[in-house]
Amino acid sequence: MSLDVETNGAMHEGKKSKPRGPKNWIIAMDGPAGVGKSTVGQLVAKKLGYHFINTGEMYRALTWKAIQEGVELTDGDALTRLAERVKWEFRPTEGGTTLKTYIDGEGVTIQIRDEKVSRNSSLVAGVPGVRKYLRQLQRDLGEAGAIVMEGRDITTNVFPDADFKIYLDADITERAERRYRQLRQSGKDAAQHEILEAMAARDRQDLERKINPLRQAEDAFVIDSTHLSLHEVADKILEHVRERKRRRQRSRK
Ligand code: DC
């Protein structure tokens, strides 16, 4: 699979991956909505010369496509067939670091932030067939390593053997506050209590989902970012990665 990655289906579960080192480690990252995973992930990936991918975009892109095509959002089989039928591509942008999702040739960065997509993406993310298909795409994207991948089940389900498993957390009030500031900065009006309620609802959906709910992997490096800037969080992860690299070098001497 090229990096201008086109995937139409080759499912090959259970394939053994090559030994990995600092040049091609897999950094998996999970955490609740609004915790800064994308910003942090991009900072880390850029510093290491890795790629970055936000897997929430895939669930959102499929939700958008389903709405476009009039697929019933409660019809799990139809959603699974749609996931299997469309052409998925992941093209590098932002200096080559970030892989953006294209569906049937269309970049959907803006469309997938639509309110209707946001509201419905948890329905799509709850369909076992969709998750199975997207997990394979995510594994295909990540198996060559040199990647930071973030989502809800990357450390527990997609790459349970990732070289680094990071769980980012922050108080819900702080996450809602950050989202509020972001919206204000982009000129949008928003009521703080509504943002907090929406955030609580998203947490419930992620944590209470029957299939692959958000969980801390037992061996995850947990970072609480409530009182840290996102640059400080990225620095902590980078230090963790560099420490592993130093230990490796020492043990090889
Ligand atoms: O991170 P986000 O809000 O853009 O994610 C969109 C939806 O996809 C949300 O309902 C959580 C879900 N998701 C998931 O179930 N598993 C992932 N690995 C990433 C996102």
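Points to keep in mind about this one:
- Hey, residue 43 hydrophobic (A, V, I, L, M, F, W, C) and outside any helix (DSSP H, G or I) or not: no
- Just one of the numbered conditions (1) under 14 Å from residue 32 (Cα atoms); (2) modelled with pLDDT of 95 or more; (3) among the aliphatic types (A, V, I, L, M) is not true of residue 141: (1).
- Residues (assigned to a helix (DSSP H, G or I) and within 11 Å of the ligand (Cβ to nearest atom)) located in region 123-136: 123, 124, 125, 130, 131, 134, 135
- Only one entry of 179, 184, 202 meets the criterion of being modelled with pLDDT under 95 and away from the ligand (no atom under 12 Å from the Cβ), and that entry is 184.
- Within region 205-226, being of a type in the set (A, V, I, L, M) and within 12 Å of the ligand (Cβ to nearest atom) holds for 207, 211, 214.
- When every residue of region 104-115 is checked against the conditions, at least one turns out to be more than 16 Å from the ligand (Cβ to nearest atom), over 15 Å from the mean Cα position of the chain (by Cα), surrounded by fewer than 17 Cβ atoms within 10 Å (Cβ to Cβ) and not small (Gly, Ala, Ser).
The values are calculated or read from the model by the stated rules, or taken from the named source; none is laboratory data. Everything quoted here is computed from the prediction, not taken from an experiment. Counting neighbours? That spans all protein chains shown, and the Cβs are built from the backbone with ideal geometry, glycine included.
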